[in-house]
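Have a look at the structure below, then the notes.
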Amino acid sequence: MGMLQCEKHGLSGIAINIEKSICHKINRNQQILSSDLIVVKVYLYDNDQYLFNLNYIITKESKKKYNIKSIYEIHNEEDEKQLNEIDSLVGVICEKCFVEYKFINNIKKIVNEYKHRDLKN
C-alpha cells in the first residue's frame with residue numbers, strides 16, 4: 001500500500017488510478033457527478049492465468065478524447081503498452097481526502113464500482 005504526505009492529514013494511505021483532473025477537483029471540493037465519470041477495468045493475467053483486476057476512474061470526456069476502452073485484458077508486456085495513455089492521465093489522492101470529499105454522495109455509484117474487485121476462477 002502506498003503512502004503520501006498530505007497537507008491536511010499528514011502521512012496517509014492513497015487512492016490510486018484516479019484521473020489527475022478528478023483528484024484536483026476533489027482536493028478543491030469542486031462538484032463532480034457520477035454521470036461525468038467512468039470506471040475502466042483492467043484484467044491482469046500471467047499468460048492465461050487470471051491474477052486480479054485494477055480499476056481506474058476517468059472522465060467520460062477523457063475516455064472519448066483518448067479513445068480509451070472500458071475493459072482491457074493484459075496477458076503480457078506487449079498488451080501492457082495499451083495502458084500507456086490511461087497511465088499518463090491518472091494520479092493518486094490522499095485516501096482520507098477522498099473519503100471526506102464534500103460531494104462524495106454525488107459519485108457513490110462510481111466509487112463503489114471502482115472499489116469492486118472481480119474474482120474470476
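Quick one: net charge around Cys97, please, counting Lys, Arg +1 and Asp, Glu -1 for every other residue with C-beta under 11 Å from its C-beta.
Details: positive: Lys8, Arg28, Lys96, Lys102; negative: Glu7, Glu95, Glu100.
Net local charge, Cys97 excluded: +1.
Each label point was placed 7 Å from the Cα along the Cα-to-Cβ direction; for His116 and Phe103 their separation is 2.3 nm. With the highest mean first, a sort of the peptides 70-76, 36-42 on other beta-carbon atoms found within 10 angstrom per residue produces 36-42, 70-76.
Taking one quarter of the surface of the C-alpha convex hull of the range 1-51 gives a mean projected area of 5.3 nm². Cysteines of the chain lacking any other cysteine Cβ under 4.7 Å from their own Cβ: Cys23.
A convex hull fitted to the Cα coordinates of the chain yields 108 cubic angstrom per residue.
Based on protein heavy atoms only, the range 33-121 ends up with 63 Å² per residue of surface accessible to a 1.4 Å probe.
Taking only DSSP H segments of four or more residues, each worth -39500 (n - 2.57), what value at 222 nm results for the chain once the sum is divided by all its residues, to the nearest 500 deg cm²/dmol?
On the way: 6 runs with 38 residues, N = 121.
One gets -7500 deg cm²/dmol as the mean residue ellipticity at 222 nm.
The HN-Hα couplings worked out from phi for the range 52-63 by the Karplus form 6.51 cos²θ - 1.76 cosθ + 1.60 (θ = phi - 60°) are 5, 10, 10, 10, 10, 10, 9, 7, 4, 4, 5, 4 Hz, whole numbers, x standing for Gly and Pro.
I'd like the carbon and sulfur percentage of the solvent accessible area for the chain, probe radius 1.4 Å, heavy atoms only, ligands and nucleic acids excluded.
Answer for the chain: carbon and sulfur cover 48 percent of the accessible area.
The values are calculated or read from the model by the stated rules, or taken from the named source; none is laboratory data. Quantities reported herein were computed from a predicted structural model and do not represent experimental measurements. Quick reminder, even Gly has a Cβ in these numbers, built from the backbone with ideal geometry, and neighbours come from all protein chains shown. Side chains included, ligands, DNA and RNA excluded: accessible areas come from the protein's heavy atoms. Shrake-Rupley method; radii C 1.70, N 1.55, O 1.52, S 1.80 Å.
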